[in-house]
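The values are calculated or read from the model by the stated rules, or taken from the named source; none is laboratory data. Keep in mind that this is a model prediction, so the values were computed, not measured. Quick reminder, even Gly has a Cβ in these numbers, built from the backbone with ideal geometry, and neighbours come from all protein chains shown. Ligands, DNA and RNA are excluded from the accessible area calculation, which covers all protein heavy atoms including side chains. Shrake-Rupley method; radii C 1.70, N 1.55, O 1.52, S 1.80 Å.
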Amino acid sequence: MSEQPAHPATSAPKPVQALIVVDMQTAFVTGDGAVPAAARVLDRTSDLITRARAAGALVIQLQNDGEPGAVDEPGTPGWRIHLPVDADRGERVLRKTVDDGFEETGLARLLADAGVRDLAVCGVQSEMCVLATARTALELDFRVVLPHDAHATYDIPAAEGISEAVPAAMASRVAEWALGDEVEIVARARDVNFTKP
């Protein structure tokens, strides 16, 4: 890995064979508890899913199982996947209990069995589950494309003696930067193209 992380790509990357949608659950993208950029991320993610389906790419949604009393506690309205899953097309929902979408979910095997080597990641939260899932994908030698306008998080509150509040948009950008030069960051989700595995 080079010393300087990659900057956003200036041209469309080569097509990917899968789309990993991270934790697009009702609690995080609707109502008062939604991430600040929820409308944008919902729009971009819906477009990515539509185009992935049209191209015959694999679409997998990750669903976080929160602790009892959390907004994403299993079985609660906030836990539900917000964007429709098309099981007839082979789309899957993989439940998880930690940030990393690969840990104890079977995601790596599912991608390998489908012949996927190139994937795009989108969803929430940028510095937590999106980052952890993208990082593990890179460690497993998948090619990872991360569309900047299709992931988001919350503002990070101020911490006395440490820092002022960090705006959500800045936290998302730092999460991208933390992935280093192996990830392919594109500015617009519309520049992500799909193909069959």
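Once phi is turned into θ = phi - 60°, what whole-Hz ³J(HN,Hα) does the Karplus curve with 6.51, -1.76 and 1.60 give for every residue of the range 178-187, x standing for Gly and Pro?
5, 7, x, 8, 7, 6, 9, 9, 10, 5
Calculate, in nm to one decimal, what ASP141 and ARG80 gain on full extension: separation in residues at 0.36 nm each, minus their alpha carbon distance.
Between ASP141 and ARG80, full extension yields 18.9 nm more.
Of the trypsin sites (Lys or Arg not before Pro) in the range 79-118, which ones lie in a loop per DSSP and count no more than 16 other C-beta atoms within 10 Å?
When the trypsin sites (Lys or Arg not before Pro) of the range 79-118 are filtered for loop state and at most 16 Cβ neighbours within 10 Å, ARG80, ARG117 remain.
Full extension from GLU67 to ASP43: what is 0.36 nm times the residue separation minus their Cα-Cα distance, to one decimal in nm?
This chain segment gains 5.8 nm when fully extended.
I want to verify a result. In a Gaussian network model of the chain, Cα cutoff 10 Å, which of these has the top mean-square fluctuation: GLY101, GLY31, GLY56?
Fluctuation is largest for GLY31.
Find, among the GluC sites (Glu not before Pro) in the range 72-130, those assigned to loop by DSSP (not H, G, I, E, B) with at most 14 other beta-carbon atoms within 10 angstrom.
GLU103, GLU104
Would you mind calculating the gained length between VAL174 and ALA114 on full extension (0.36 nm times residue separation, minus the Cα-Cα distance), in nm to one decimal? Display every interim value, and only then the final one.
Details: separation 60, 0.36 × 60 = 21.60 nm, distance 3.17 nm.
Length difference between fully extended and current span is 18.4 nm.
May I ask you to list the trypsin sites (Lys or Arg not before Pro) in the range 151-197 that are in a DSSP loop and have at most 15 other Cβ atoms within 10 Å of their Cβ?
Taking the range 151-197 and a limit of 15 other Cβ atoms within 10 Å, the loop trypsin sites (Lys or Arg not before Pro) found are ARG188.
Keeping every protein chain present and rolling a 1.4 Å probe, give me the accessible area per residue for the chain in Å².
Result: 48 Å² of accessible area for each residue.
Which of the three applies to the range 69-197, rounded, prolate or oblate, going by the alpha-carbon gyration tensor with a ≥ b ≥ c and a/c under 1.5 meaning rounded?
It is oblate, given that a/c is not under 1.5 and a/b is not larger than b/c.
Residue by residue, what Karplus-based ³J(HN,Hα) values in Hz, rounded to whole numbers, does the range 135-150 have, using 6.51, -1.76 and 1.60 with θ = phi - 60° and x for Gly and Pro?
Running phi through 6.51 cos²θ - 1.76 cosθ + 1.60 with θ = phi - 60° gives 5, 5, 4, 5, 4, 8, 6, 7, 7, 10, 10, 10, x, 4, 8, 10 Hz.
Using the reciprocal of the averaged 1/r over all distinct C-alpha pairs, how large is the Kirkwood radius of the range 25-100 in Å?
Evaluated over the range 25-100, this radius sits at 13.3 Å.
Roughly to the nearest percent, how much of the accessible area of the range 29-90 is carbon and sulfur, given a 1.4 Å probe?
51 percent
What residue among SER172, SER46, SER126 shows peak mean-square fluctuation when the chain is described by a Gaussian network model with Cα springs under 10 Å?
Highest fluctuation of the listed residues: SER46.
Under the rule of at least 5 residues apart or a separate chain, name every residue whose amide H is placed under 5 Å from the amide H of VAL59.
Under 5 Å from the amide H of VAL59 lie the amide H atoms of LEU19, ARG92, each far enough along the sequence or on another chain.
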